[in-house]
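The block underneath contains the structure these notes are about, expressed in C-alpha cells.
Please treat every number below as a calculation from the coordinates, not as lab data. Please read all numbers here as calculations on a predicted model, not as lab measurements. Ideal geometry is used to build each Cβ from the backbone, glycine not excepted, and the neighbour counts take in all protein chains shown.
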Amino acid sequence: MNARNEFERWLHNCTGEILDELKAMEHDDAKIEACFGHQQTFGTAGIRSIMAPGIACLNDYTVRQTARGLAAYMKTSGGVMTCAIGYDCRNNSTKFARICAAALAESGVHVYLYDRLCPTPMLSFAVRYLHCGAGIVISASHNTKEYNGLKCYGPDGGQMTEIPAGKVSAAIETIDLFEPEHLTFEDAMAKGLVEYISDSVWQAYYTRISQEAIAPETVKQAQLRLVYSPLCGAGSEPVREILSRLGAEVHVPASQVNASGEFETCPNPNPENEAAFAESYKLAGEVKPDLVMATDPDSDRIAVSVPVAGGFRKLSGNEVGCLLLQYILENMKKTGKLPADPVAVKSIVSTPLADRIAAAYGCKMRTVLTGFKYIGGVVLELEQAGCPENFVLGFEESCGYLKGDYARDKDAVVTAMLIAEMTACYKLQGRTLAEAMDALYAQYGFYTTGLRSVVFASDAQKQAFMQLMDELRANPPKDVAGFAVTAVADFRAGVKTDLATGEKSPTNLPSENMVLLQLAENGRVILRPSGTEPKCKFYYTACANTLAGAEARITMLDEAMCKYM
C-alpha cells in the first residue's frame, strides 16, 4: 500500500477533527508511513492499534467500518440479530462504543449497550445472559494510553475463533470506509434500536459469580485487609463491590480509583509489571494489608503481591494459577463438591507445575494454545457434553483466570473474590500466600518461568525472526545453555519430533506459528510471535532442586537464546 496515496485519499474524504489532524501531519513522512502504510488486520483478537487517523489506526472511520462489517456478517450467519457492547476507561472508548452501536442499529441489529464502564468478562456474561448473537468490547487491555481496540464475541460469549473472524474480516473488506453515517447514536436511542443494559444484569452477574465462592465466610472471620488498585480502569466498581460483599476491608490508591485514559500514575497499566504496583505499595506501607492486588484497565487480568519482611513478594501469574488450583481442588474435595471427572485448563506456555497439582486430585488437565478463547472453547465443549460443572479452573500465565461457566473469558472480578477468600483461609491457618506457594514448590517440584518480549522495530526485523523460527524447525540446536534439546514441537505443522528416536507424534492442537524446544526434565523454551502486537515472545520454563536453582536456569536459558538470536 502506498502510504502517501492513501493519505491523500483520506485528506479528500475526511472532515472535522480528523481532517485537522491530517493537515498537521502532511509533511511528516514517517508518521504518514506508520498510519497509512498498511491496513490493520481483523483477527480472533479483533483489531488493536494506536488511536490516530489512517487505515492502520483506530479512529471513527475504521471503527465504523469494522462494526458495519460485523453487521454484514450477522445478516448472513443466520444468528440472532442482537449485539451487546461494553467498553473500558480508555480515551475514546465511550465514543467508539456509540459509533459501533449506531452502525449496527442502522443495519438492523438491536444493540444492548452498557451505560458505564464494564470489565470485559461482564460483556461476555451479558452476551450469554441476554442471548445475543454477538458482542463487542472497546478496549486495548493493558496497552499504553495511545492504544485502543475492538474485540468481537460470538453468541457463546467467547472471542470469535478463526472461521467467524475470517468471515467478519471478509465482510469488512466490502464496506466503503467513507460511507457516511446514516443514523446517529442519539436517533438510534430515541427509536429504541439501542438500549442501555439495566442494573439487573449487573446484579445477575454478581449473584452468579458469588456462586463460585468456596469459603466466603472466612474473609470476615480473618478480618481480611487488602489494598486493591483498578489502575484507573473498569474494575473499580465491580471488584470493590464483590470484595465489600465478602466483608473485606479494602483500601484503594486515591490516584487510581477513578477512570482515566491517561493513566497518569501508571503509564504502563499492566499488573504483570512490578511498576504498576508503585502506588499500591505506598498505600500498603500505611495500612499494613494482608494482600495487594491490581487489575488491568478492562479488568480481565489480575496480579497479586504479598507483604513479606522487608517489602513485598509479587507472585507470578503461574504461581497464582497454581495456588488457585490447589485451593479449589483441595476444598471441593473436603466438602464433597469435587466433580467425578474434574477438568482444569491451562495455556501451553503456562507452568507444568499445574499438571502435577491436578494429577494429585485426579483432575484432568487440558492444555490449549495461548489465548483465552481456547480455554473458553473447552468450557463450551463441556457445556455441549452436558457436564459444564466438571470445569474447575482455567488459567494462563499472563494473569488470566476463570472459575465457572457463566462467561467465556478471563475474569478478574471472580478471581479477586477467590484470591481474597483463599488468603483469608491461609491467614486463619497462620500462613501467608507466599508461604502456601513455597509449600507447593516443596511438594511438587521447583518450577519457575521467564518471559522475554522483543519488539520489532521494522518489517525487516520481523522477517528475520520468522526466518529464525524456520531455522529452528529445520535445524534445531543440540542444546540450549548446556541442556540437551530432546524434542522439538512445530505447532504450525502440528508435529512433535523426538530427536533421539526421530519418532513423530501429533501436537493435537490447532495450527499456530510457534516452536517448542524440550530440554528433557530440565525445562523448555517456546518461541511465539504475538498475535496482536509487533513483537515476539520467548517463554522459558526451568525445573531444579531449589527455587534459586530453577531461577538461575531461567537466566541461563535467556542468555543462550539471546546469543542464538
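Note the listed values (i) 36.6; (ii) 26.1; (iii) 29.6, then indicate which one is mean projected area of the Cα convex hull in nm² calculated from this particular structure.
Given (i) 36.6; (ii) 26.1; (iii) 29.6, the calculated one carries the label (ii).
Ordered by residue, what ³J(HN,Hα) values in Hz, to whole numbers, does the stretch 500-508 give under the Karplus form 6.51 cos²θ - 1.76 cosθ + 1.60, where θ = phi - 60° and Gly and Pro are x?
7, 9, x, 5, 10, 9, x, 7, 6
Need the list of lysines near residue 563 for cross-linking: C-alpha distance under 27 angstrom, and skip anything on the same chain fewer than eight residues off.
Candidates past the 8-residue exclusion: 462, 478, 496, 535, 537.
Out of residues 5 or more away from residue 296 or on other chains, whose amide H comes under 5 Å of its own, with H placed 1.01 Å from N in the peptide plane?
301
Kindly state, as a whole number, the per residue volume in cubic angstrom of the convex hull around the alpha carbon atoms of the stretch 213-262.
Cα-based convex hull of the stretch 213-262, divided per residue, equals 64 Å³.
From the phi angles alone, apply the Karplus equation (6.51, -1.76, 1.60; θ = phi - 60°) to the stretch 206-213 and give each ³J(HN,Hα) in whole Hz, x where the residue is Gly or Pro.
Using θ = phi - 60°, the values come out as 4, 4, 5, 6, 5, 5, 8, 5 Hz.
For residue 196, list long-range residues whose amide hydrogen, built 1.01 Å from N in the peptide plane, is under 5 Å from its own amide hydrogen.
113
Express the C-alpha Rg of the stretch 64-184 as a ratio against the empirical globular expectation 2.2 N^0.38 Å, rounded to two decimals.
My calculation over the Cα atoms of the stretch 64-184 gives 0.97.
In the stretch 255-310, what GluC sites (Glu not before Pro) fall in a loop by DSSP, with at most 15 other Cβ atoms inside 10 Å?
Filter output for the stretch 255-310: 262, 264.
Within 10 Å, count the other beta carbons around each residue, average over each peptide in 432-440, 142-150, 181-189, and list them highest first.
Descending packing order for the listed peptides: 142-150, 432-440, 181-189.
What shape does the stretch 229-319 take by its C-alpha gyration tensor, where a ≥ b ≥ c are the square roots of the eigenvalues and a/c under 1.5 counts as rounded, a/b above b/c as prolate, and the rest as oblate? The partial results should precede the final answer.
Details: a/c = 1.38, a/b = 1.15, b/c = 1.21.
Rounded, because the longest to shortest axis ratio a/c is under 1.5.
May I ask you to derive the relative contact order of the stretch 402-551, considering only C-alpha pairs under 8 Å and at least 6 residues apart, and to give it as an integer percent? Please list the in-between numbers first.
On the way: 212 pairs, mean separation 34.9, N = 150.
Relative contact order for the stretch 402-551 comes out at 23 percent.
Name the shape class, rounded, prolate or oblate, that the alpha-carbon gyration tensor gives for the stretch 376-455, where a ≥ b ≥ c are the square roots of its eigenvalues, rounded holds for a/c under 1.5, and otherwise prolate holds if a/b is larger than b/c and oblate otherwise.
Because a/c hits 1.5 or more and a/b fails to exceed b/c, the stretch 376-455 counts as oblate.
With both bridge residues required to lie in the chain, what share of the DSSP beta bridges run antiparallel, to the nearest 5%?
65 percent
Can you tell me, using C-alpha contacts under 8 Å and at least 6 residues apart, the relative contact order of the stretch 1-98 as a whole percent?
Relative contact order here is 19 percent.
State the extension gain, in nm to one decimal, for the chain segment bounded by residue 453 and residue 470, taking 0.36 nm per residue of separation less the distance between their alpha-carbons.
Between residue 453 and residue 470, full extension yields an extra 4.2 nm.
Compute the Cα gyration tensor for the stretch 432-549, then decide on rounded, prolate or oblate, letting a ≥ b ≥ c be the square roots of its eigenvalues: rounded whenever a/c is under 1.5, prolate when a/b is larger than b/c in the other cases, and oblate in all that remain.
oblate
Going by amide H atoms built from the backbone, whose H comes under 5 Å of the H on residue 535, apart from near neighbours?
Close amide H contacts, sequence-distant or interchain: 456, 530.
Pairs of alpha-carbon atoms within less than 8 angstrom and 6+ residues apart define the contacts here; what relative contact order does the stretch 190-278 have, in percent?
Numbers: 73 pairs, mean separation 22.5, N = 89.
Value for the stretch 190-278: 25 percent.
Using θ = phi - 60° and the Karplus curve 6.51 cos²θ - 1.76 cosθ + 1.60, what whole-Hz ³J(HN,Hα) does each residue of the stretch 114-119 get, with Gly and Pro shown as x?
In residue order, the calculated couplings are 5, 8, 7, 3, 9, x Hz.
In nm², what is the average projected area of the convex hull enclosing the Cα atoms of the stretch 318-406?
The directionally averaged projection comes out at 5.1 nm².
Taking the square root of 5 times each eigenvalue of the Cα gyration tensor, what semi-axes in Å does the equivalent ellipsoid of the stretch 1-124 have, largest first? Show your work: numbers first, answer last.
On the way: eigenvalues 164, 51, 35 Å².
Over the Cα atoms of the stretch 1-124, the ellipsoid semi-axes are 29, 16, 13 Å.
Is there a quick way to get the dipole size of the stretch 77-202? I mean about its Cα centre, with the Cβ of Lys and Arg at +1 and of Asp and Glu at -1; what is the value in debye to the nearest 20?
On the way: 9 positive and 14 negative charges, 72 e Å.
For the stretch 77-202, the charge dipole is close to 340 debye.
Can you give the percent of C-alpha pairs in the stretch 164-230 whose distance is more than 14 Å?
Details: 1775 of 2211 pairs.
Tail of P(r) above 14 Å: 80 percent of Cα pairs.
What is the ratio of the Cα radius of gyration of the stretch 124-168 to 2.2 N^0.38 Å, where N is its residue count, to two decimals?
For the stretch 124-168, the normalised Cα radius of gyration is 1.26.
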